[in-house]
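Colleague: Here's a structure for you.
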Amino acid sequence: MAVQTLPFSTLIAVDRQSAIPIFRQIANSLIKLIRKGKIKPGYQLPATRDMASMLKLNRTTIVAAYEEMQIQGWLEVIKRKGNFVTQHLPLTCPKSFEENKQEKFLSLDQKIFYRQIAVRQPLTRQLKPYQLMINDGYPDARIAPLDLIIDRYKFLSGRTNVHNRLLADGSKGSNLLRTELAQFLSKTRALDITPEQVLITQGAQLAIYVAASMILQPGSTVVVGDLNYPLADRLFEQLGAKLMRVKVDQNGIDIDAIENICKQSVPSLLYIVPHHHHPTTVTLSAARRNKLLDVIRRYRLPVIEDDYDYDFHYENAPILPLASAEHDNFVLYIGSISKTLSPTVRLGYLIGAEDFIWQAAKLKQVIDIRGDVLFEESVGHLFNSGEMQRHLRRSVKLYKCRRDDFCEILNSSLGDRAKFNVPNGGMAVWTLFDPGYSIPELSERLAAQGIYLNDGSIYKYKDDTNGMRLGFASLNTNEMQSFAHALKKSR
């Protein structure tokens with residue numbers, strides 16, 4: 001079997017007019033490649049005959065070059081095996097790409113040709129693989145009917161006559177999934193919509209991006225909660241918008257403050273998570289909901305309603321979305337299928353007026369042409385067969401039990417160091433720690449025990465916040481007990 005090797009004919013240039021002998025030019029070129037890290041210690045160079053053939057030179061020239069490298073300490077010969085770059089180089093080893101990258105990371109005052117998304121590149125730590133991850137509220141993929149999606153995907157992929165029909169659905173997404181979603185949302189959320197008002201996206205985050213991009217431009221203003229979903233905040237800022245923060249309390253976002261802003265100048269957009277606010281999990285009260293709908297209609301205020309986990313409600317009946325009421329087409333409704341199945345299943349949707357969705361589909365087409373229509377069709381089949389609805393009923397029952405167990409564990413493990421309210425729904429508990437308690441240090445102590453927990457820094461833009469979301473839905477009983485044990489050890 002032929003040994004794969006580097007393209008030395010393009011890496012090594014020979015100057016026949018140079019006063020430097022050719023064999024030494026070859027040796028110097030190879031040493032230079034080693035210094036740059038292109039050739040690593042232990043690398044086997046081609047046999048002299050093969051190298052001569054590649055470079056179109058006499059074999060004796062290559063033999064002389066290899067001998068020169070051996071004399072200088074760059075090459076060692078292993079009998080009956082070949083010529084190898086020595087493991088112990090005669091000079092300091094070249095710095096790795098990662099080290100070089102850290103040294104050359106541009107400071108803010110340097111001119112760059114690209115937009116900086118973050119101020120600096122965080123340092124990474126080499127840690128052993130995590131045995132357990134505490135996320136900020138993900139479903140348990142182990143209970144999702146992913147095998148049914150895969151089976152349907154395989155079935156559809158083998159029907160070549162189906163492919164053209166699916167591709168014809170265009171950038172709005174699978175017609176089956178849009179039809180099923182329109183019916184499902186009508187039954188569960190009282191949304192009066194048709195499939196033409198549904199846009200399928202690869203995750204709810206892309207739905208937020210598409211919707212916001214249709215509205216915002218540099219200099220626009222967006223009203224958000226004083227604590228808010230961080231990735232939405234970053235998205236709006238990247239689109240050039242200015243954030244106007246409004247207080248969120250136990251009854252949701254302050255509608256009086258929003259109305260006062262509108263009286264001065266109507267903002268370009270309101271972003272709101274009224275059902276299970278991110279990160280605090282509070283629900284917008286009925287009185288505030290009704291007043292907000294009046295403000296929306298009166299001031300013609302465009303709204304993105306992010307309802308990422310509507311189906312997961314454990315106490316009484318969930319509050320209907322703003323989009324289910326009369327809003328003169330100013331409310332854009334966003335939901336997530338990822339939160340129903342698994343975070344690795346990237347599917348979300350955007351609901352709006354028919355013309356808005358048609359235009360949004362054209363924008364989405366610029367970004368990714370279309371999604372995975374076979375996959376979308378397979379998920380649509382889950383709704384059509386009723387399996388998705390059954391999965392939701394099973395999940396809600398299970399997650400309610402997990403919420404109760406998790407909150408008991410937090411009480412016994414954290415004691416008076418933290419406080420929280422048992423959430424009425426969703427998949428996470430918003431936990432506020434004492435001001436003097438260091439969440440980053442807790443994160444470090446848990447990491448040493450093989451448990452991942454974010455350090456709470458994403459919510460530090462509000463000075464008096466020392467809190468974080470602790471996800472429970474994805475943890476079984478044994479995993480919760482492991483987390484509880486680690487928390488007690490980390491006090």
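Colleague: Of all residues in region 1-24 being part of a loop (DSSP other than H, G, I, E, B) and hydroxyl-bearing (S, T, Y), which is farthest from T86 (Cα to Cα)? Before you say what the answer is, go through the steps one by one.
Modeller: From region 1-24, those part of a loop (DSSP other than H, G, I, E, B) are 1-7, 12-21; that's our starting set.
Add one more test, that the residue is hydroxyl-bearing (S, T, Y), and what stays is 5, 18.
Details: T5: 17, S18: 29 Å.
Of everything passing the filter in region 1-24, S18 is farthest from T86 (Cα to Cα).
Colleague: When you scan region 423-445, how many residues do you find that are in a helix (DSSP H, G or I) and free of Cβ contacts under 8 Å to residues at least 12 places away in the same chain?
Modeller: Narrowing region 423-445 to residues in a helix (DSSP H, G or I): 439-445.
Checking the rest, the ones that are also free of Cβ contacts under 8 Å to residues at least 12 places away in the same chain come to 441, 444.
The total comes to 2.
Residues are listed down the side, and each one gets a yes or a no for (1) modelled with pLDDT of 95 or more; (2) open to solvent by 10 Å² or more (accessible area, probe 1.4 Å):
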site	(1), (2)
V295	yes, no
R298	yes, yes
I319	no, yes
T344	no, yes
I367	no, yes
F375	no, yes
V379	yes, no
R390	yes, yes
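Colleague: Within region 148-206, restricting attention to residues that are hydrophobic (A, V, I, L, M, F, W, C), open to solvent by 40 Å² or more (accessible area, probe 1.4 Å) and not in a helix (DSSP H, G or I), which residue is farthest from R390 (Cα to Cα)?
Modeller: Residues of region 148-206 that are hydrophobic (A, V, I, L, M, F, W, C), as a first pass: 148-150, 155-156, 162, 166-168, 176-177, 181-182, 184-185, 190-191, 193, 198-200, 204, 206.
So of that shortlist, the ones also open to solvent by 40 Å² or more (accessible area, probe 1.4 Å) come out as 148, 150, 155, 167-168, 176, 190.
Going one step further and asking which of them are not in a helix (DSSP H, G or I), we end up with 168, 190.
On the way: A168: 30, A190: 20 Å.
Here the residue is A168.
Colleague: Taking region 454-485, which residues are of a type in the set (A, V, I, L, M) and within 20 Å of Y399 (Cβ to Cβ)?
Modeller: Matches in region 454-485: M468, L470, A473, L475, M480, A484.
Colleague: Being open to solvent by 70 Å² or more (accessible area, probe 1.4 Å) and not hydroxyl-bearing (S, T, Y) is the filter here, so list the residues in region 8-24 that pass it.
Modeller: L11, A13, D15, R16, Q17, A19, I20, R24
Colleague: Could you check region 398-432 and list, in sequence order, the residues that are closer than 17 Å to T465 by Cβ, open to solvent by 40 Å² or more (accessible area, probe 1.4 Å) and touching a Lys or Arg at 6+ places or on another chain (Cβ under 8 Å)?
Modeller: Correct list: R417, L432.
Colleague: For the list (1) closer than 15 Å to G82 by Cα; (2) open to solvent by less than 20 Å² (accessible area, probe 1.4 Å); (3) small (G, A, S), I need the number of the one condition that A27 fails.
Modeller: With respect to (1) closer than 15 Å to G82 by Cα; (2) open to solvent by less than 20 Å² (accessible area, probe 1.4 Å); (3) small (G, A, S), A27 is out only on (1).
Colleague: Under the condition of being of a type in the set (G, A, S) and in a helix (DSSP H, G or I), which residue from region 446-486 is farthest from S338 (Cα to Cα)? Before you say what the answer is, go through the steps one by one.
Modeller: Start the filter on region 446-486 by keeping residues that are of a type in the set (G, A, S), which leaves 447-448, 450, 456-457, 467, 471, 473-474, 482, 484, 486.
Of the ones still in play, those that are also in a helix (DSSP H, G or I) are 447, 457, 482, 484, 486.
Details: A447: 27, S457: 25, S482: 26, A484: 27, A486: 29 Å.
Going through the qualifying residues, I end up with A486.
Colleague: Being open to solvent by 20 Å² or more (accessible area, probe 1.4 Å), among the charged types (D, E, K, R) and outside any strand (DSSP E or B) narrows it down to one residue among E68, E76; which is it? Please lay out each step first, then the result.
Modeller: Working: E76 fails: outside any strand (DSSP E or B).
None of the others qualify; the one that does is E68.
Colleague: Being part of a helix (DSSP H, G or I), surrounded by fewer than 18 Cβ atoms within 10 Å (Cβ to Cβ) and more than 44 Å from the chain's Cα centre (by Cα) is the filter here; which residues of region 30-51 pass it?
Modeller: Listed by number, the residues that qualify are R49, D50.
Colleague: Also: Step by step: first the residues of region 273-293, then only those that are farther than 23 Å from Q202 by Cβ and of a type in the set (V, I, T), then the one that is surrounded by the most Cβ atoms within 10 Å (Cβ to Cβ). Which residue is that?
Modeller: For region 273-293, the residue satisfying everything is T280.
The values are calculated or read from the model by the stated rules, or taken from the named source; none is laboratory data. Being a predicted model, the structure only gives us computed values, none of them experimental. Here the Cβ is made from the backbone with ideal geometry for all residues, glycine too, and neighbour counts use every protein chain on show. In case anyone asks, the SASA skips ligands and DNA or RNA and just uses the protein heavy atoms, side chains included. Shrake-Rupley method; radii C 1.70, N 1.55, O 1.52, S 1.80 Å.
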